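Taking it in order: structure first as structure tokens, then the write-up.
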Amino acid sequence: MRRSISLAAAVAASLVLAACGGGSDDDTSSDSDDGTDETTEETSSDESSSETESEGGETDGEAAPNEEGTLVVWVDETRQAAVEEAAQAFEDETGIRVETVLKNFDDIRADFVSQVPLGEGPDITVGAHDWLGELTSNGVVAPLELTSPDDFEQVAIDAVTYDGQIYGLPFAIENLALFRNTELAPEAPATWDDAVAAGEAAGSEFPILIQTGDEGDPYTYYPLQTSFGAPVFVTDDSGAYTGELSLGGEAGAAYAEWLASQGANGTGVLDTSITYDVAVEAFANGESPFIIGGPWMLDSFSDIDLSIDPIPAPGPEAAVPFAGVQAFFVNAESPDALIANDFLVNFMATEEAQTQLFETGNRLPALTAAADTASEDELQAGFREVGADSLPMPALPAMGQVWQFWGVTEAGIITGAEADPAAAWASMVDSIQSAIDG
């Protein structure tokens, strides 16, 4: 097996350490050796998907140091089996145990940030790439020694790179695309207007479905916005976000005017009454030939003859969605960071491990060899083609100030509550900038 670091050095390092860096938390852990007790009952959400964990034994709620020669990994339920299989191979080769702790995905980021500075938490955690701004600013995550980044999809490497350094081992990619019911629409639409026309020609209730809700959904609407040349932040020559807002100006105003033209006072194609559940049910019932969504919807449409196509652009540029990348991160305070790096790079970055993660999570693998295999499925190939041009969700801490104003402004424009769409959009940009400036 090709190894990026010296295994002998890693094992020697572990022997001189008193304990691994991570302490356990109040979730009962499950050993990779025997697959014993799992805990916590939780619902985990990536963007629109949910996962429920099993119940098991209880702990006393106190953090405790780990045994010498043991790595601790925080996982959610969908990743646990794949991690434990790789962990067994790692133990067989090195003699070092890997203990998995089942966590609520929604709790991981806050728990990791709060526990690592106290010498607690895991050696490795699963997480999302857009956490990196917070994780790095708090000094709780270590750079990863990934010697072959070219083995991964470029968008995945871009997503886990922050301030020029790679901080995570990417394993899954998700992005939006256009689901097309091929019985209702035999051809992929080239533009938004083409999609609306095809939907009307099909005689369906909804020309095209896009989840909106009373508070808007800027994540799902983002590819429509980018088609007007109004991405959320400026990017530099390397493609990294600079933190300078770019969703305003003439391009932002044009997008706002388009939203109004498609809303309650226009065509009515966009409607805040269309929530995620409404949109999915309507598409599943054949009430529209198109829905904009992600791979988490695939199971809901198993009875439909589908095609996954690029999102039709309403503006003059391509409609570019966000990419979300799932990754493993190493605790910056772990005294066994070298061993953790070895486990990730040489055991979780294999085609076998990444394929198993794909099979349980239904997200395109980040490792290109595994992605090639997954893309033998034409629907996954469709998501991969669209995702190749996607933009990683910004990991900047400033992104936290954007969401609270963004969606409600879009919703207000769609309903007609905002009489002057361009002015409302400009006011939103000012509010976001003020919030960022503090």
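Where the convex hull is taken over the Cα atoms of region 97-153, what is its projected area averaged over directions, in nm²?
Dividing the Cα hull surface by four gives the mean projection, 5.2 nm².
Using a 7 Å offset from the Cα along the Cα-to-Cβ direction at both A110 and D389, what is the distance between the two label points in nm, to one decimal?
3.9
Where q = 0.12, 0.16, 0.19, 0.26 Å⁻¹, what log10 of I(q)/I(0) comes from the Debye formula for region 168-249, counting one point per Cα?
Taken in order of the listed q values, log10 I(q)/I(0) reads -0.54, -0.85, -1.02, -1.28.
What are the ³J(HN,Hα) couplings of region 219-228, residue after residue, when phi is run through the Karplus curve with 6.51, -1.76, 1.60 and θ = phi - 60°? Round to Hz, x for glycine and proline.
Running phi through 6.51 cos²θ - 1.76 cosθ + 1.60 with θ = phi - 60° gives 4, 6, 7, 4, x, 5, 5, 5, 5, 9 Hz.
Over region 89-154, what is the relative contact order in whole percent, taking alpha-carbon pairs under 8 Å and six or more residues apart?
22
Under the rule of at least 5 residues apart or a separate chain, name every residue whose amide H is placed under 5 Å from the amide H of I166.
Excluding prolines and chain starts, which carry no amide H, the hits are L144.
Could you tell me the largest-minus-smallest coordinate of the C-alpha atoms of region 294-438 on each of the three principal axes, in descending order and whole angstroms?
56, 49, 27
For a protection proxy built on the mean count of beta-carbon atoms within 10 angstrom, sort 203-211, 230-238 highest first, please. Let's see the in-between values first.
Working: 203-211: 19.9, 230-238: 14.9.
Result, highest mean Cβ count within 10 Å first: 203-211, 230-238.
Considering amide H positions built from the backbone, and no H for Pro or chain starts, which residues 5 or more places from F152, or on another chain, come under 5 Å of its amide H?
Those qualifying (amide H under 5 Å, at least 5 residues apart or on another chain) are T368.
Rg (Å, one decimal) plus Dmax (Å, integer) for the alpha carbons of region 207-268?
Expressed in Å, the Cα Rg and Dmax of region 207-268 come to 13.3, 41.
So what are the ³J(HN,Hα) numbers for region 333-346, from phi and the Karplus equation (6.51, -1.76, 1.60; θ = phi - 60°), rounded to whole Hz, Gly and Pro as x?
Using θ = phi - 60°, the values come out as 9, 6, x, 10, 4, 5, 5, 4, 4, 4, 4, 5, 5, 9 Hz.
Towards the positive end of the charge dipole of region 226-339, with charges on Cβ (+1 Lys, Arg; -1 Asp, Glu), say which of G293, N265, L245 has the farthest Cα.
Looking along the dipole axis, the top candidate is N265.
Find the centroid of the Cα atoms in region 103-171 and in region 194-217, then give the distance between the two in whole Å.
37
For region 304-438, what's the relative contact order in percent, using C-alpha pairs closer than 8 Å and at least 6 residues apart?
It rounds to 24 percent for region 304-438.
Given labels modelled 7 Å from the Cα in the Cβ direction, how far is it in nm from A284 to D163?
Each label point lies 7 Å from its Cα, and together they span 4.5 nm.
Return the long-range amide H neighbours of T212 (sequence gap of 5 or more, or a different chain), with a cut-off of under 5 Å between placed amide H atoms.
Amide H neighbours of T212, under 5 Å, 5+ apart: I274, T275, Y276.
Answer rounded, prolate or oblate for region 54-206, using the Cα gyration tensor with square roots of eigenvalues a ≥ b ≥ c: rounded when a/c is under 1.5, else prolate when a/b is larger than b/c, else oblate. Walk me through the numbers before you get to the answer.
Details: a/c = 2.37, a/b = 2.07, b/c = 1.15.
Note, shape of region 54-206 comes out prolate.
To one decimal place, what orientation-averaged projected area in nm² is obtained for the convex hull of the Cα set of region 272-379? Please list the in-between numbers first.
Working: hull surface 40.8 nm².
Mean shadow area of the hull around the Cα atoms is 10.2 nm².
Can you work out ³J(HN,Hα) from phi for every residue in region 201-216, in order, using Karplus 6.51 cos²θ - 1.76 cosθ + 1.60 and θ = phi - 60°, giving whole Hz and x for Gly and Pro?
Going residue by residue, I get 5, 6, x, 7, 5, 10, x, 7, 10, 8, 4, 9, x, 5, 9, x Hz, with x marking Gly and Pro.
For a paramagnetic label modelled at 7 Å from the Cα of Q154 toward its Cβ, which residues of region 354-395 fall within the zone defined by backbone nitrogen distances under 13 Å?
Residues 387-392 qualify, since their backbone N sits under 13 Å from the label point.
Ratio of region 330-400's C-alpha Rg to 2.2 N^0.38 Å, to two decimals?
Values: Rg = 15.3 Å, N = 71, 2.2 N^0.38 = 11.1 Å.
Dividing the Cα radius of gyration by 2.2 N^0.38 Å gives 1.38.
Which value, in nm² and rounded to one decimal, describes the direction-averaged projected area of the C-alpha convex hull of region 63-142? Working shown, then result.
Working: hull surface 22.1 nm².
Over all viewing directions, region 63-142 projects a mean Cα-hull area of 5.5 nm².
Provide, as a two-decimal number, the C-alpha radius of gyration of region 206-341 over 2.2 N^0.38 Å, N being how many residues it has.
1.31
Under the definition of Cα pairs under 8 Å and six or more residues apart, what whole-number percent is the relative contact order of region 262-309?
Reported as a whole number, the value is 22 percent.
How would region 286-334 be classified by its alpha-carbon gyration tensor: rounded, prolate or oblate, with rounded meaning a/c under 1.5 and the a/b versus b/c comparison settling the rest? Don't skip to the answer; put the middle values down first.
Details: a/c = 4.66, a/b = 1.64, b/c = 2.84.
It is oblate, given that a/c is not under 1.5 and a/b is not larger than b/c.
Round to the nearest 0.05 the FRET efficiency obtained for L118 and A426 when R0 = 45 Å and r is the Cβ-Cβ distance.
Details: r = 44 Å, r/R0 = 0.98.
With R0 = 45 Å, the Cβ-Cβ based efficiency is 0.50.
Order 184-192, 289-297 from most to least packed using the mean count of other Cβ atoms within 10 Å. All intermediate terms of the calculation are to be shown ahead of the outcome.
Values: 184-192: 17.1, 289-297: 24.2.
Descending mean neighbour count gives 289-297, 184-192.
Does anything in region 243-283 have its amide N under 18 Å from the 7 Å Cα→Cβ label point of S300, and if so which residues?
Answer for region 243-283: 270-283.
Computed from the coordinates by the stated procedures, all read-outs in this text should not be read as laboratory data. Quick caveat, the model's predicted, so the values are computed rather than measured. No Cβ is skipped: glycine too gets one built from the backbone with ideal geometry, and neighbour counts run over all protein chains shown.
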